[in-house]
1. Return yes when Phe12 is among the aromatic types (Phe, Trp, Tyr), surrounded by 10 or more Cβ atoms within 10 Å (Cβ to Cβ) and more than 20 Å from His101 (Cβ to Cβ) and no when it is not.
2. Can you tell me which residue in the stretch 79-104 is nearest to Asp59 (Cα to Cα), limited to those that are aliphatic (A, V, I, L, M), touching a Phe, Trp or Tyr at 6+ places or on another chain (Cβ under 9 Å) and assigned to a helix (DSSP H, G or I)?
3. Can you name every residue in the stretch 127-143 that is outside any strand (DSSP E or B) and within 20 Å of Ser66 (Cα to Cα)?
4. Just checking, how many residues over the stretch 122-145 are touching a residue at least 24 places away in the same chain (Cβ under 8 Å) and either within 13 Å of Ile93 (Cβ to Cβ) or touching a Phe, Trp or Tyr at 6+ places or on another chain (Cβ under 8 Å) (or both)?
5. Output the residues belonging to the stretch 67-99 that are exposed (fewer than 12 other Cβ atoms within 10 Å of the Cβ) and more than 20 Å from Val141 (Cβ to Cβ).
6. How many residues does the stretch 116-133 hold that are in contact with a helix residue (DSSP H, G or I) (Cβ under 7 Å, 6 or more places away or on another chain) and at pLDDT below 95?
7. Determine the pairs where a residue that is closer than 14 Å to Leu85 by Cβ and without any contact (Cβ under 8 Å) to a residue 12 or more places away in the chain, located within the stretch 47-69, has a partner that is surrounded by 12 or more Cβ atoms within 10 Å (Cβ to Cβ) and charged (D, E, K, R) with Cβ atoms under 9 Å apart, the partner being 6 or more residues away or on another chain.
8. Are there any pairs with C-beta distances below 6 angstrom linking a residue in the stretch 105-119 that is assigned to a helix (DSSP H, G or I) to a residue that is surrounded by 10 or more Cβ atoms within 10 Å (Cβ to Cβ), with the two at least 6 apart or on different chains, and if so which?
Amino acid sequence: MVTARDTVSDKFSGLDGGADDYIVKPVDLGELFARVRALLRRNVASLPPILEWGHLRLDPGAYEVSYAGVAIHLTPKEYCILELLLRHGYRLIGRRTIIQHVWPMEESVEEDTVKVHLRALRQKLKAAGAPENFIETVHGVGYRLCKID
């Protein structure tokens, strides 16, 4: 991640949000290239694991999502929301948390934006065969994946 945000909390957020490295602008190009080369030398075995919830499968290494073998094409924001939900499973995630994770550098994202993206994500999951309540809404609190029996 290359950014102008330079506070310690910004760095924590960026790294905890999935960045492999955090560089503050202005950046020396030689240092940037050296850091990229170091990341490329990392072992391929460090690829993130495939996330599964029932018949849903998200492969972060290949950036692919499927439900019961049916490929689902998601926008980058839908993908990020789904990945966040999968990483938290049945635990509730509030809209503010989703905004902080999916839109970390944008200042004015409204909670209704989350609702719009979740509606589209639910429609795509349903079209692939997922139950209508695959992503549950707990009104006034947040969202979570449905329980798997």
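1. Numbers: among the aromatic types (Phe, Trp, Tyr): yes; surrounded by 10 or more Cβ atoms within 10 Å (Cβ to Cβ): yes; more than 20 Å from His101 (Cβ to Cβ): no.
Taking the combined requirement at face value, the residue does not satisfy it.
2. Just the residues of the stretch 79-104 that are aliphatic (A, V, I, L, M), to begin with: 81-82, 84-86, 92-93, 98-99, 102.
Applying the additional criterion that residues be touching a Phe, Trp or Tyr at 6+ places or on another chain (Cβ under 9 Å) yields 81, 85-86, 92-93, 98.
Adding the requirement that they be assigned to a helix (DSSP H, G or I) leaves 81, 85-86, 98.
Numbers: Ile81: 14, Leu85: 14, Leu86: 11, Ile98: 20 Å.
Checking each candidate, the answer is Leu86.
3. Residues of the stretch 127-143 outside any strand (DSSP E or B): 127-134, 139-141.
The answer is Ala127, Ala128, Gly129, Ala130, Pro131, Glu132, Asn133, Phe134.
4. Within the stretch 122-145, residues that are touching a residue at least 24 places away in the same chain (Cβ under 8 Å) and either within 13 Å of Ile93 (Cβ to Cβ) or touching a Phe, Trp or Tyr at 6+ places or on another chain (Cβ under 8 Å) (or both) number 11.
5. Those that are exposed (fewer than 12 other Cβ atoms within 10 Å of the Cβ) and more than 20 Å from Val141 (Cβ to Cβ): Ala68, Gly69, Ala71, His73, Pro76.
6. Residues flagged as in contact with a helix residue (DSSP H, G or I) (Cβ under 7 Å, 6 or more places away or on another chain) and at pLDDT below 95 within the stretch 116-133 amount to 1.
7. Listed pairs, sorted by first residue: Arg57/Glu64.
8. Glu111/Arg95; Val114/Arg95; Val114/Ile98; His117/Lys77; His117/Glu78; His117/Ile81
The values are calculated or read from the model by the stated rules, or taken from the named source; none is laboratory data. The structure displayed is predicted, hence computed values, not measured ones. Counting neighbours? That spans all protein chains shown, and the Cβs are built from the backbone with ideal geometry, glycine included.
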